[in-house]
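The values are calculated or read from the model by the stated rules, or taken from the named source; none is laboratory data. These numbers were taken from a predicted model, which means no experiment stands behind them. Please note: Cβ atoms are built from the backbone with ideal geometry, for glycine as well, and neighbour counts cover all protein chains shown. Areas reflect the complete protein model, heavy atoms only, side chains present, ligands, DNA and RNA absent. Shrake-Rupley method; radii C 1.70, N 1.55, O 1.52, S 1.80 Å.
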Amino acid sequence: MCGVVSIIYANDNKNIGNEACFLLKKLEYRGYDSTGASFINTDGEINLMKKVGAPSVVTEELEIGKRSGQKFIGQVRWATYGSVTDENAQPHEVQCHTHMVGAHNGNLSNTDTLKEFLVENGHNVKSDNDGEMLVHLIEHFYAKLLAKKKTNTTEEKVAFLKEAIHQAEKKAVGSYAACITAPDIPGIFAIKSGSSLYAGKGKDANGEFIVVSSDLTSILSKTRFLIPLIEGESLYFTHDDYVVFSLCDGTEKKPGLKRSRLNIQDIALQPRFDYYMEQEIYTSPANLDILMKYYLVEEDENTIHQIFESDYKNHRTLLYDFVKLYDVFDQKELIQSFKAIMENPVFEKLYQAILNTKLESLKNAKSIGFTSEDTTLLNELLGFGEEYFMKLFVMDLMIIWKKKRTILKYKKQTIEVFKKAKAEGTRVYIVASGTSYHAALTAAAFFNNIEGFSVIVANPGMFRSFYLASVKEHDVLIGVSQSGETKDLVDIFIDIRASYGKNIKLISIVNNENSTIPQEKSDFYLPILCGAEIAVAATKSFISQIALFKLIALSMSHSDEDVKNKMGKIKHYMDFTLKNVEEDITEVVLKLFLKPSMHILGTSLIGIAKEGALKIREVVLNHTEGYDSAEFKHGPNTILGKNTIYSFNDLEKLHTNILSYFIDLKLSEFKNIEQLNSFVSLLRNFKFSDYGTEILKGNYESDAEQAVYKKAYESYAEQVNIEDYFSNYPLIFICPPDERDKRTTITQIHTHKIRGADIILIAEEDEDLRKAIEGKPSGQENYFNKYIRIPKTGDKFIFVFQATLALQLLALNMSIVKRKYLNKNKVENHGIHPDVPKNVSKSITVD
């Protein structure tokens, strides 16, 4: 995944460089291998700058903020085609047959074939990057069209470039989004061909603008007025006008602007947090309230819902009229349309009926406020007068009812499908990737232990290999994806539908409800409702996924009131855990952040162990594996004791010992104190590489002097004892409050600590567990142990949520500390960041 972004103003703008920096940094989570920016002024001059590195670094190094221009096209890269070099960075400026500049996000799978075609046709291809192939390809067809006449009007050039994009689309194979322009046309083209792309229109201190980006949040940071753009369309835009055309047949249209339901405040970093990952961990308990609000029915809601249902058709029409307000941008027209809804006799009758219920929620309306997904628009309408608050509050209740009735309908269908599968023995598959796969593994434990109902869990590759050919009629497949765009999962849904038609029920569980899987590939979907997740490493979405699975498992045989009480207890102990584990976790962080490898061992909690390991791998970049605790002894335990895995701490110890040895040498080994000081200084500047080689490469006054140094080094080398540099291997155990799990964990702790393991235990307070980890094994003088005590509940499945939070906090803080350590030691391009670690992306939309 990469990210492409573009903005255009009416005239040359001295502040466009600052806007470019802001927009590029908004995309950092999508790509940080390289960053590039191109500025085009009204005279047609192109100023291109790009470099390996993340936007937060490159924008400063290249002083992008100081650039001016009318048009800007930028890109952040997560490398797939072509290595991480300046040449492969985007945008690409080409002028083999005509002058153009552009960038893309996505993949062209026929890149090698395109490169051959372009070279054969006289193009000077400078990189291996598929983005350059796309820009050259459009240039190729554009130049051919231009060559048909000696001179071309501006309108003709725009039309020719549109046609060139159409022809290039036919030849390019893959999924991508792109922005491209020529210096002698007034606008920019944006292409949406299989990858995400959003556009918005607005006005700021620099004047009117249109902005395009791979990321919706960067658009919302500039404007809430969106230009509708769907798959297979391209957009040509200037600062104040636009036209959308089909990549298939070229037909044009100008859709009206849409007001976004999201507000930038919904996705901004709150002042009390330093990182999005931190914010998303600490706010995840509140997401359980949202799940309960939409998936469970309160007693007093029935009264209100009956009123809404009593005239469903007219009430639904009222809501449709309300939604149309999103498309009204003139303030006078907006207030007129709004008042027309408020004064509609149907609404007046409904409003009075609701007030007559005298429910407690109506008395507390002011303190409750608006809580639907249309809160932004409701608050905007409230600006027309406080006297409208109660009517808007009732409208808020209607909006919630409309969404909730759909969710409850599909929740009921899901439970019916599960109960039927349980009764008839048909199979239920849960297919997911990455974090969502770990949520599915956890879901299997919920269904098995709460309902005695088994599900089959697989990632897409496993499902294709193990199960695809043996799916039976009336089996059920549930796809889990935070983004709803996971390419591997989309392919599984396509395969199932192609092979089995409608005989297999396809259900999806997603966060992004407007994505491909729920809207195009599923019979129906269940939303996890956790809001935008900005950090690349999933935290709150994982919590919401397992919370929804727990809620559904409970709902199969419990009343809504019982489920609410149980889910409310989970939320309470999640908050309590976040407040009580920080001190213990800090000690573990300082012990582990430089450890190159570790294992997390979950006793009967394999999904949580794997997810905790994934979080550490993602944001700390320390190798970490998640295993079932009893399974670890079947091979992986060979890593305990003496191994050749060395950490920064071990290397620092080696460095210090070398320095100490030479500093303690008798002065007689050297000609004078200056020579000794010079040699020590030389040693201090060595990197953690081959000391002997470095010494022999030094600058010496004579062969005799070099011989002295060589003799000193060899003398030290003879005394080096490799035994001094072995260290214990960290094992993190997760033990739920279950007697059998406790016995298994105690056995494994004793088995492994005597073989050279340091033990960290995440569990409720238990005397037997405490004794197991605190006892120092004979001969293990450097043994380390730490008990991270989880607030006591005695409930194995509340513990799942508590342990998850503890592991997420561990990963977060290890990432922060290690990042600071490497920055302090001036290690470049280390890629460690809680929000945007290297090599991973938020939504994998390529094969």
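Some notes on this structure:
- Scanning segment 220-277 for residues that are open to solvent by 20 Å² or more (accessible area, probe 1.4 Å), in contact with a strand residue (DSSP E or B) (Cβ under 8 Å, 6 or more places away or on another chain), among the hydrophobic types (A, V, I, L, M, F, W, C) and part of a loop (DSSP other than H, G, I, E, B) turns up Leu229, Ile230, Leu257.
- Ser109 within 27 Å of the chain's Cα centre (by Cα), of a type in the set (Ser, Thr, Tyr), farther than 16 Å from Val5 by Cα and open to solvent by 50 Å² or more (accessible area, probe 1.4 Å): yes
- For segment 754-778, filtered to residues that are assigned to a helix (DSSP H, G or I) and farther than 18 Å from Leu605 by Cα, the residue that is most open to solvent (accessible area, probe 1.4 Å) is Lys771.
- Residue among Lys540, Lys502 that is at pLDDT 95 or above and either over 18 Å from Ala286 (Cα atoms) or crowded, with 23+ Cβ neighbours inside 10 Å (or both): Lys540
- Tyr326 vs. criteria at pLDDT below 95, loosely packed, with under 11 Cβ neighbours inside 10 Å and either within 28 Å of Arg259 (Cα to Cα) or more than 40 Å from the chain's Cα centre (by Cα) (or both): no
- The residues listed here are Lys595, Lys591; of these, the one that is on the phi < 0 side of the Ramachandran plot, part of a loop (DSSP other than H, G, I, E, B), at pLDDT below 95 and among the basic types (Lys, Arg) is Lys595.
- A single member of Val101, Val135 is over 17 Å from Ile16 (Cβ atoms), within 32 Å of the chain's Cα centre (by Cα) and among the β-branched types (Val, Ile, Thr), and it is Val135.
- In segment 341-350, the residue that is surrounded by the most Cβ atoms within 10 Å (Cβ to Cβ) out of those that are outside any loop (DSSP other than H, G, I, E, B) and more than 42 Å from the chain's Cα centre (by Cα) is Leu350.
- For segment 90-99, the condition of being in a loop (DSSP other than H, G, I, E, B) and open to solvent by less than 10 Å² (accessible area, probe 1.4 Å) holds for at least one residue.
- Residue match in segment 211-218 (condition: among the polar types (S, T, N, Q) and touching a strand residue (DSSP E or B) at 6+ places or on another chain (Cβ under 6 Å)): yes
- For segment 152-163, the condition of being hydroxyl-bearing (Ser, Thr, Tyr), farther than 30 Å from Leu262 by Cα and surrounded by fewer than 16 Cβ atoms within 10 Å (Cβ to Cβ) holds for at least one residue.
- With a requirement of 3 or more residues that are in contact with a helix residue (DSSP H, G or I) (Cβ under 7 Å, 6 or more places away or on another chain), the strands (runs of 3 or more DSSP E) lying completely within segment 1-82 that satisfy it span 3-13, 34-40, 69-77.
- Meets criteria (in contact (Cβ under 8 Å) with a residue 40 or more places away in the chain and surrounded by fewer than 18 Cβ atoms within 10 Å (Cβ to Cβ)) for Thr804: no
- Test set (1) over 24 Å from Val589 (Cβ atoms); (2) open to solvent by less than 40 Å² (accessible area, probe 1.4 Å); (3) free of Cβ contacts under 8 Å to residues at least 40 places away in the same chain - Thr793 fails condition number: (3)
- The single condition from (1) of a type in the set (Asp, Glu); (2) closer than 24 Å to Tyr236 by Cβ; (3) part of a loop (DSSP other than H, G, I, E, B) that Glu87 fails is (2).
- Scanning segment 546-578 for residues that are out of contact with any Leu (no Cβ under 8 Å at 6 or more places or on another chain) and within 22 Å of Ile762 (Cα to Cα) turns up Ile546, Lys550, Lys569, His572, Tyr573, Asp575, Phe576.
- Test: residue in segment 727-744 that is surrounded by 18 or more Cβ atoms within 10 Å (Cβ to Cβ) and basic (Lys, Arg): yes
- Options Ser56, Ser83; residue that is touching a Lys or Arg at 6+ places or on another chain (Cβ under 7 Å), open to solvent by 40 Å² or more (accessible area, probe 1.4 Å) and not aliphatic (A, V, I, L, M): Ser56
- Given (1) surrounded by fewer than 16 Cβ atoms within 10 Å (Cβ to Cβ); (2) touching a strand residue (DSSP E or B) at 6+ places or on another chain (Cβ under 7 Å), index of the condition Asn124 fails: (2)
- Condition met for Tyr429 (touching a helix residue (DSSP H, G or I) at 6+ places or on another chain (Cβ under 9 Å) and within 20 Å of Phe308 (Cβ to Cβ)): no
- Given (1) out of contact with any Pro (no Cβ under 6 Å at 6 or more places or on another chain); (2) touching a residue at least 12 places away in the same chain (Cβ under 8 Å); (3) open to solvent by 20 Å² or more (accessible area, probe 1.4 Å); (4) not aliphatic (A, V, I, L, M), number of the condition Glu781 does not satisfy: (2)
A quick yes/no check of all residues on (1) at pLDDT below 95; (2) of a type in the set (S, T, N, Q); (3) under 15 Å from Phe189 (Cβ atoms):
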residue	(1), (2), (3)
Ile73	no, no, yes
Arg77	yes, no, no
Ser83	yes, yes, no
Asn88	yes, yes, no
Glu93	no, no, no
Met100	no, no, yes
Gly106	yes, no, no
Leu114	yes, no, no
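- Answer residue from segment 127-151, given it is open to solvent by less than 10 Å² (accessible area, probe 1.4 Å) and not in a helix (DSSP H, G or I) and is nearest to Ile191 (Cα to Cα) among those: Asn129
- Positions within segment 623-646 being outside any helix (DSSP H, G or I), modelled with pLDDT under 95 and crowded, with 18+ Cβ neighbours inside 10 Å, in sequence order: Leu640
- Answer residue from segment 360-389, given it is acidic (Asp, Glu) and open to solvent by 20 Å² or more (accessible area, probe 1.4 Å) and is modelled with the lowest pLDDT among those: Glu360
- Matching residues in segment 352-377 - criterion: being assigned to a loop (DSSP other than H, G, I, E, B) and of a type in the set (Asp, Glu): Glu373, Asp374
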